[in-house]
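A.B. asks: Shown below is the structure under consideration.
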Amino acid sequence: MIYLLDSNVITDFSRNVPMVVTNLNQKLRQGHSLTLSSPVYYESLRGLIKVNATAQIARLSAIKELLDWEAVSEADWLQAAQFWANTVTVGKQLSDMDLLIAALAARLNAILVSADADFDALPINREDWRVIAS
């Protein structure tokens, strides 16, 4: 199984949130693919750069080395545009980053790990590791 991690999971892991750390370690031991995407890395890194959090930037780099990497493709941009059109039509507005992350999850047939329930408006699978120990 592929688990695509959202930025709130990366933040929780770097802050040692017990349930998130437990789930992440369990999935790694079980041989699942834990994947970091370029949009999530960007979201995580930009905030740390803004506040000059050099220790946390180093931790983010260490976390990146533990995970599989997935970049955004042209097809992901097209899927994100379709997701945007579909959600705006029904009165939901998601950020472009979230739409790209969701497009990646759809392409990879991955479970998106996120505490952000806004993703539930999209046709992807989501788990919240803050509330479940799977």
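The values are calculated or read from the model by the stated rules, or taken from the named source; none is laboratory data. Here the structure is a predicted model, which means the values were calculated and not measured. Using ideal geometry, Cβ is built from the backbone for each residue, glycine included, and neighbour counts are taken over all protein chains shown.
A.B. asks: Looking only at residues in region 108-120 that are of a type outside the set (Asp, Glu) and either at pLDDT below 95 or surrounded by fewer than 16 Cβ atoms within 10 Å (Cβ to Cβ) (or both), which one is nearest to residue 44 (Cα to Cα)?
C.D. replies: Ranking the candidates gives 117 first.
A.B. asks: Tell me whether region 38-48 contains one or more residues that are of a type in the set (S, T, N, Q) and either under 18 Å from residue 129 (Cβ atoms) or in contact (Cβ under 8 Å) with a residue 60 or more places away in the chain (or both).
C.D. replies: Yes, that holds for at least one residue.
A.B. asks: Which residues, taken from region 48-84, are within 22 Å of residue 34 (Cα to Cα) and either of a type in the set (Gly, Ala, Ser) or touching a Cys at 6+ places or on another chain (Cβ under 8 Å) (or both)?
C.D. replies: Passing the criteria: 58, 61, 62, 71, 73, 75, 80.
A.B. asks: When residue 70 is evaluated against the numbered criteria (1) closer than 22 Å to residue 15 by Cα; (2) among the acidic types (Asp, Glu); (3) in contact (Cβ under 8 Å) with a residue 40 or more places away in the chain, which criterion, by number, is the only one it fails?
C.D. replies: Only one criterion in (1) closer than 22 Å to residue 15 by Cα; (2) among the acidic types (Asp, Glu); (3) in contact (Cβ under 8 Å) with a residue 40 or more places away in the chain is unmet by residue 70, namely (1).
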